[in-house]
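The values are calculated or read from the model by the stated rules, or taken from the named source; none is laboratory data. Keep in mind that this is a model prediction, so the values were computed, not measured. Neighbour counts run over all protein chains shown; Cβ positions are idealised from the backbone, glycine included. The accessibility values were calculated without ligands, DNA or RNA, using every heavy atom of the protein model including side chains. Shrake-Rupley method; radii C 1.70, N 1.55, O 1.52, S 1.80 Å.
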Amino acid sequence: MDAREVALKIINEVETNGAYANIALAKEINRRTAQGQLSDQDRRFITELVYGTVKAGATLDWLLGLYLNRSLTKVAPVIRNILRLGIYQLFFLEKVPASAACNQSVELAKKYGHAGTVKFVNGVLRNAARSPEKVVYPDRDSQPVKYLALKYFHPEWLVERWVERLGVTACEALCQTNNTIPPLSLRTNTIKINRDRLLQRLAGEGVACQASAWTPEGIVCQEHPGLGTLTSLQEGLLQVQDESSMLVAHILDPKPGEFIIDACGAPGGKTTHIAALMNNAGKILSTDIYEHKLALIRENAARLALTNIETRALDAVNLGSMFPLKADRVLVDAPCSGLGVLRRKPDSRWRKSPEILRDLPKLQAAILASAAQCVKPGGVLVYSTCTTEPEENQDIVCDFLRAHPDFSLEPTGQYLPALKRPDKLLQLWPHTDSIDGFFIARIARQQ
């Protein structure tokens with residue numbers, strides 16, 4: 001099975017069965033790499049094909065519509081995905097010859113279709129290769145939303161929001177950044193090793209990396225072999241975690257010996273970071289609704305040799321009645337739309353709708369209000385999300401503060417471990433901060 005067929009198999013899983021692109025891709029690549037079926041070049045090409053085709057979604061369908069004489073919805077799903085894969089190569093992969101994109105798509109159609117579909121795929125793609133002048137994007141000045149949505153592979157409803165808030169130029173920069181491949185970020189497990197020694201260890205394992213400017217434990221990787229091959233990961237010397245996510249534990253600022261609640265703790269990145277900052281002294285209660293997600297926290301804690309973490313399956317909206325005034329610090333890393341991390345999840349942008357921004361804030365507000373009841377007088381409450389939208393961020397915190405006069409907002413940006421800011425409500429953006437979009441607010445309860 002060549003690289004394009006592997007990519008097609010993964011795309012079919014995403015489009016037809018609702019699989020998550022990053023998970024389906026990693027699973028297939030790891031399996032085939034372990035069997036010696038893929039070279040590094042194959043792995044990179046498959047990743048580009050899958051992420052690019054899934055990410056370009058509606059734009060590919062628009063492009064295909066210019067060359068089709070029937071509705072794309074009437075085309076069998078596997079043939080539709082072969083066409084998408086082919087048109088993506090023709091218009092967005094300059095290093096792939098048009099002949100290769102067409103010929104290999106026809107070969108896939110022979111395997112997964114019949115004589116009629118082979119002729120159909122061949123005709124559509126060769127027509128597109130011969131007549132690229134048919135592609136005319138909407139005018140950027142008169143139709144900025146449509147232009148940006150099609151040019152940079154984003155749903156129109158989201159582009160419209162960002163244009164209204166940020167302006168066309170900044171929105172374009174954000175969309176461009178969302179289409180880049182983010183670097184792999186690692187957090188040094190300071191319980192076992194310091195960052196300088198880990199950098200040396202990783203270099204010896206073939207990882208090209210450097211220290212993060214944002215956090216003292218962070219490492220940013222430019223090139224790396226498969227994660228499964230890194231003995232430093234297996235030995236618990238590091239945890240995969242995004243740079244912006246690492247900031248949360250620092251803003252919480254936990255101290256050894258304290259009792260801390262991580263209200264939405266799975267899969268454990270922030271929980272284990274908090275535990276390391278506490279030097280394994282004290283207690284962290286990490287909760288989640290699902291037991292199988294709590295198992296991930298325990299697995300990570302065991303690998304990292306962290307012993308001060310307890311997990312419990314419960315609904316975070318009930319925390320307040322269970323642990324009233326018990327915790328020194330509480331973290332609410334709330335379930336959110338994830339619109340700040342679109343570059344890490346290429347299919348995510350197409351799974352969201354405006355309704356999510358009407359429904360999620362109710363849950364977020366309920367969790368924050370319940371978690372606040374757990375905070376001791378003089379204690380700290382941190383609210384964070386990996387989104388950029390005010391309904392889930394600023395609005396939630398401001399509404400909470402109006403309803404809870406015994407809490408006050410602290411200068412969140414001053415608790416950053418480096419690159420401090422004056423911001424009381426910290427909103428990070430991929431296009432301006434070069435890390436994932438994240439929101440963090442630090443709130444204190446009066447004595």
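Go through region 315-334 and give me each residue that's out of contact with any Lys or Arg (no Cβ under 8 Å at 6 or more places or on another chain), surrounded by 15 or more Cβ atoms within 10 Å (Cβ to Cβ) and part of a loop (DSSP other than H, G, I, E, B). Give the derivation first.
Residues of region 315-334 that are out of contact with any Lys or Arg (no Cβ under 8 Å at 6 or more places or on another chain), as a first pass: 315-324, 329-330, 332, 334.
Next, from what is left, pick out any that are surrounded by 15 or more Cβ atoms within 10 Å (Cβ to Cβ): 316-317, 319-320, 322-323, 329-330, 332, 334.
Those that are out of contact with any Lys or Arg (no Cβ under 8 Å at 6 or more places or on another chain), surrounded by 15 or more Cβ atoms within 10 Å (Cβ to Cβ) and part of a loop (DSSP other than H, G, I, E, B): F323, A334.
Residues in region 221-267 that are without any contact (Cβ under 8 Å) to a residue 40 or more places away in the chain, touching a strand residue (DSSP E or B) at 6+ places or on another chain (Cβ under 9 Å), open to solvent by 10 Å² or more (accessible area, probe 1.4 Å) and of a type in the set (S, T, N, Q): Q222 alone. Hey, does region 434-443 have a residue that's surrounded by fewer than 16 Cβ atoms within 10 Å (Cβ to Cβ) and of a type outside the set (D, E, K, R)? Checking region 434-443: not a single residue is surrounded by fewer than 16 Cβ atoms within 10 Å (Cβ to Cβ) and of a type outside the set (D, E, K, R). Taken as a whole, the structure leaves A372 outside the set of residues that are among the aliphatic types (A, V, I, L, M) and open to solvent by 10 Å² or more (accessible area, probe 1.4 Å). The helices (runs of 4 or more DSSP H) found wholly in region 78-182 and carrying at least 1 residues that are polar (S, T, N, Q), free of Cβ contacts under 8 Å to residues at least 60 places away in the same chain and within 25 Å of T47 (Cα to Cα) occupy 98-112, 115-130.
Mind listing whichever residues of region 281-293 are loosely packed, with under 14 Cβ neighbours inside 10 Å and touching a Pro at 6+ places or on another chain (Cβ under 9 Å)? Hit for region 281-293 is A281, nothing else. Restricting attention to region 142-152, does a residue exist that is farther than 24 Å from A3 by Cβ, buried (at least 19 other Cβ atoms within 10 Å of the Cβ) and of a type in the set (V, I, T)? Yes. Scan region 221-244 for residues that are touching a helix residue (DSSP H, G or I) at 6+ places or on another chain (Cβ under 7 Å) and farther than 16 Å from T272 by Cβ and the total you get is 3. For S337, the requirement of being assigned to a helix (DSSP H, G or I), touching a residue at least 40 places away in the same chain (Cβ under 8 Å) and touching a helix residue (DSSP H, G or I) at 6+ places or on another chain (Cβ under 8 Å) is not met. Taken over region 401-424, the residue count meeting the criterion of being out of contact with any Leu (no Cβ under 7 Å at 6 or more places or on another chain) and surrounded by 13 or more Cβ atoms within 10 Å (Cβ to Cβ) is 8.
Picking from residues in region 82-115 that are of a type in the set (G, A, S) and out of contact with any Leu (no Cβ under 8 Å at 6 or more places or on another chain), the one that is most open to solvent (accessible area, probe 1.4 Å) is A115.
Of the helices (runs of 4 or more DSSP H) entirely within region 195-308, those holding at least 3 residues that are more than 21 Å from the chain's Cα centre (by Cα) and over 18 Å from D328 (Cβ atoms) occupy 195-204, 231-234, 291-303. For region 236-259, a tally of residues being of a type in the set (G, A, S) and under 18 Å from D436 (Cβ atoms) returns 3.
Okay, residues lined up against (1) touching a strand residue (DSSP E or B) at 6+ places or on another chain (Cβ under 7 Å); (2) among the basic types (K, R); (3) within 23 Å of R344 (Cα to Cα):
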| position | (1), (2), (3) |
| --- | --- |
| C171 | no, no, yes |
| P182 | no, no, yes |
| S185 | yes, no, yes |
| T190 | no, no, no |
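Among the residues of region 13-54, the one identified as under 25 Å from Y152 (Cα atoms), open to solvent by less than 30 Å² (accessible area, probe 1.4 Å) and more than 19 Å from the chain's Cα centre (by Cα) is I46. Report whether or not I23 is more than 24 Å from K134 (Cβ to Cβ), without any contact (Cβ under 8 Å) to a residue 12 or more places away in the chain and in a helix (DSSP H, G or I). Considered against the rule, which asks whether it is more than 24 Å from K134 (Cβ to Cβ), without any contact (Cβ under 8 Å) to a residue 12 or more places away in the chain and in a helix (DSSP H, G or I), I23 comes out as yes. Considering only residues in region 187-219 that are surrounded by fewer than 18 Cβ atoms within 10 Å (Cβ to Cβ) and touching a Pro at 6+ places or on another chain (Cβ under 6 Å), the one that is nearest to S434 (Cα to Cα) turns out to be P216. Checked against (1) more than 27 Å from L237 (Cα to Cα); (2) open to solvent by less than 60 Å² (accessible area, probe 1.4 Å), K270 passes all but condition (1). Taking residues in region 63-76 that are more than 18 Å from N12 (Cα to Cα) and part of a helix (DSSP H, G or I), and partners anywhere that are hydrophobic (A, V, I, L, M, F, W, C) and open to solvent by 50 Å² or more (accessible area, probe 1.4 Å), the pairs with Cβ atoms closer than 9 Å and at least 6 places apart or on different chains are L63/F91.
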